[in-house]
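What follows is a short report on a single structure.
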């Protein structure tokens, strides 16, 4: 069964901390995505990657960076966490012609 | 600007009746459409898809209708069950590109 695994379900971090959100997929998908979900705003794309070491900005990349050193792993980095980055973060991967497979999400709270 | 819109934030339906969730889009290049279902504190799970070459796709109790001229799709759930209570997101993409999501509709099925 296809799987996207996000390493943490819940995280609490302090303002100014550097935060790493990890995502691993076992489907050999080229494409991986990071979204955040906020009430009333739906899912908004932060960054995506079409291949190892490649990254593209999504709609709301400010305050975030990503790393894709291996095909199966796509990391989202909050360089200096702020309270407005409190959100549900969702990682997804995709094969061409198919939809996304999502991870179970990471609920991040920045205090 | 939101390319995919779900104008109803919430919907309540009696158990056994039909639930109809609506979605509008603006980009005529979108050729693949999905519906996802999301429970609290979980990642979205794929429900049903439709490509632009079809106007209807059915899977058990779930049917998606696509009206390309109106740039409108809808999800019908018949009969609705209490376990269907969740947030439903529609999503659309151009060939090979990222998905754009609506803001979600929270469905409550009343026993």
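Any idea what diffusion coefficient chain B gets from Stokes-Einstein, in µm²/s, Kirkwood Rh on alpha carbon pairs, 10 °C, 1.306 mPa s? Display every interim value, and only then the final one.
On the way: Rh = 13.9 Å.
D, rounded to a whole number, is 114 µm²/s.
GNM on chain A, C-alpha springs below 10 Å: top fluctuator among A:33, A:74, A:20?
Sorting by GNM fluctuation, first place goes to A:20.
Sorted from largest down, give the three principal axis spans of the alpha carbons of the protein assembly as shown, whole angstrom values.
49, 36, 36
Rounded to the nearest 5, what is the percent of antiparallel bridges among the DSSP beta bridges in the protein assembly as shown?
Counting DSSP beta bridges with both partners in the protein assembly as shown, the antiparallel share is about 90 percent.
Write down the Kirkwood hydrodynamic radius of region A:1-86, to one decimal in angstroms, obtained as one divided by the mean of 1/r over all alpha carbon pairs.
Every distinct Cα pair counted, the radius reaches 13.5 Å.
FYI, it's all coordinate maths here, none of it is from the lab. As the structure is a computational prediction, the values presented were derived from the model and not from experiment.
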